[in-house]
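For reference, the structure is listed below as structure tokens.
The values are calculated or read from the model by the stated rules, or taken from the named source; none is laboratory data. Computed from a prediction, not measured in an experiment: that's the story for all the values here. Using ideal geometry, Cβ is built from the backbone for each residue, glycine included, and neighbour counts are taken over all protein chains shown.
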Amino acid sequence: MYDNENPTLTGRIVSPGDAQYDSERQSFNTFFSRFPFVIVFAQNTQDVVNAVKWSLHNNVPIRVRSGGHNYEGLSVLDGGIVIDVSEINQIEIDPTSKTVKVGAGCKNLQLAEALGKEGLAVPNGVCPKPAIAGIALGGGQGILCRPLGLLLDHVVEIEMVDANGFVLQINNEEHPDLFWALRGGGGGSLGICTSFRFRTHKIETVGFVEISWNHQDLKAVIQEWQKYTLPTSDKRFTPTLLLSSEKTSPLLMHGIFHGSVAGLKELIQPLLKTGSPIKIDIKELSFLEAITLISNHQPATPFPFKSVAPFIDSLLPEEGIATIQRFVSQAPPNCTVSIFFQGLGGTVSEVSEQDTAYFYRKALANMVLFSTWDKSVGAAQGIRWVENFRHALIPFTKGVYVNTPDLSMKDWSNLYYGENFKRLTHIKAKYDPKDIFNFPQSIPPVHEK
């Protein structure tokens, strides 16, 4: 029987000295190396409850981890307890309600594969390894977001362990204020989510396009590409664009069209006539095949990096594109840098900025600035490149995606949450008044005066 006076840890427990401790404490971003007192790999919700009560009883600080992909490595801390939900990863599809219940630790591609076998989909992200909890709590921008919206717009219910170790079922009727906050408030500030129920969509096939160009076409390609994210553009089409400082890597555009290949070919004629495309591939695929092809271009194994993703809320002028060209051409030595554009708008923008905590509904695109390095000598230069680039883009951008945290940002509360921040602090005060779930840039509790 569980002893509330002397709580004990349950689940798969990893401590310093265990053979797997060094590998299990590592973040996906290997620039960070932190040494927790204990890591609890919860196998179920009760293990999470026990870990929270144990940490409260022993006054040990908590960090929450689902996929370990936090850009600043914030899901691990020195001397504290890491409550890891990556092994709570079940997927239960309900054919009657057309919903899916997903464990918080389920990986992005794992969910796409399970749904894809049933001809179903949710608009989750393009990186294969992040866990669904972090993606959904911050937003969930993916290759179906223009026709279908964000992943968080498909959340029907969330199970969460709160700051007292109680299990809450959260939806529009139960704890609606918390339901609002968890959809865009980011992970780890308000509690430990253990499962999500999502609405799904029946999607058999999609139109898929891949186009690549040489670097000299950069300006023309960006000018044309961004028109596909305008409110007037066909929302059935979601485009991405990847460019790297490596001269051997071309500009690479992917797009998914929620419709026929014939319709896709007609829609992208202007892009096909832009510059001198090296390769054009247009075909009908299952959504699972399409997202797998796209995710193959995303990192899948841990490595050191610095990244942040500001939003673009209007068409980039020539000066903005010139800034991009300058930074890509001036990659620091020992570093590889890149930019990934995620097309937004469409259905994402049809939800009010106040309806969920995700604030930047009107953004046309998200722009991920990214650097990595081979040797530690390149780290400082790679980090500085990202910081300088973000500052140079301030005239052309608005806000920053909370799933790409950057601890150097002083005005982070406004950049992540805009006008929704104040409401988030009051909800935090209601559900976690003692700030049990805290980390750098976590939502602070602010009590009504």
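Of V167, V209, all but one fail to be farther than 24 Å from F359 by Cβ, buried (at least 23 other Cβ atoms within 10 Å of the Cβ) and not hydroxyl-bearing (S, T, Y); the exception is V209.
Would you be able to tell me the number of residues in region 175-218 that are touching an Asp or Glu at 6+ places or on another chain (Cβ under 7 Å), among the charged types (D, E, K, R) and within 24 Å of E92 (Cα to Cα)? Count: 1. Selection of region 196-207 for residues being in a strand (DSSP E or B) and either more than 21 Å from G134 (Cβ to Cβ) or out of contact with any Lys or Arg (no Cβ under 6 Å at 6 or more places or on another chain) (or both) yields F196, F198, R199, H201, K202, T205, V206, G207. Taking the criterion of being touching a His at 6+ places or on another chain (Cβ under 8 Å) and buried (at least 21 other Cβ atoms within 10 Å of the Cβ), the only residue of region 170-199 that qualifies is F198. Sort out which residues of region 6-32 are among the aliphatic types (A, V, I, L, M), in a loop (DSSP other than H, G, I, E, B) and closer than 19 Å to A42 by Cβ, and write them in order of number. L9, the sole residue that qualifies. Each residue in region 228-248 was checked for being of a type in the set (S, T, N, Q) and closer than 10 Å to L344 by Cα, and 3 of them qualify. Per the listing E284, E350, the residue uniquely charged (D, E, K, R) and closer than 23 Å to Q226 by Cβ is E350. Going by what's in this entry, would V49 be described as buried (at least 22 other Cβ atoms within 10 Å of the Cβ), among the hydrophobic types (A, V, I, L, M, F, W, C) and modelled with pLDDT of 95 or more? When the stated conditions are applied, V49 passes them. Scanning region 244-266 for any residue that is within 28 Å of the chain's Cα centre (by Cα), farther than 25 Å from Q110 by Cα, acidic (D, E) and modelled with pLDDT of 95 or more turns up nothing.
Of the residues making up region 57-79, those that are of a type in the set (D, E, K, R) and either touching a residue at least 40 places away in the same chain (Cβ under 8 Å) or surrounded by fewer than 24 Cβ atoms within 10 Å (Cβ to Cβ) (or both) are R63, E72, D78. You will find that of T425, T404, T397, the residue that is under 16 Å from S338 (Cβ atoms) and surrounded by 15 or more Cβ atoms within 10 Å (Cβ to Cβ) is T404 and no other. Could you tell me whether region 388-411 includes any residue that is under 24 Å from G68 (Cβ atoms), among the acidic types (D, E) and under 18 Å from the mean Cα position of the chain (by Cα)? Yes: one or more hits. Among residues of region 15-34 that are within 18 Å of K375 (Cβ to Cβ), those with a Cβ under 8 angstrom from a residue that is assigned to a helix (DSSP H, G or I), sequence gap 6+ or separate chain, pair up as F31/A379. Say whether the condition of being over 25 Å from G184 (Cα atoms), of a type outside the set (V, I, T) and buried (at least 19 other Cβ atoms within 10 Å of the Cβ) is met by at least one residue in region 306-313. The answer is no, given that none of the residues of region 306-313 is over 25 Å from G184 (Cα atoms), of a type outside the set (V, I, T) and buried (at least 19 other Cβ atoms within 10 Å of the Cβ). Restricting region 326-346 to residues that are in a helix (DSSP H, G or I) and in contact with a helix residue (DSSP H, G or I) (Cβ under 6 Å, 6 or more places away or on another chain) leaves a set whose member that is farthest from E224 (Cα to Cα) is F327. K306 meets the stated requirement of being farther than 27 Å from E113 by Cα and part of a strand (DSSP E or B). The residue pairs whose first member lies in region 42-56 and is not assigned by TED's automatic domain parsing to the domain that holds G105, whose second member is buried (at least 24 other Cβ atoms within 10 Å of the Cβ) and in a helix (DSSP H, G or I), and whose beta carbons are closer than 8 Å, counting only pairs six or more residues apart or on different chains, are A42/V48; A42/A51.
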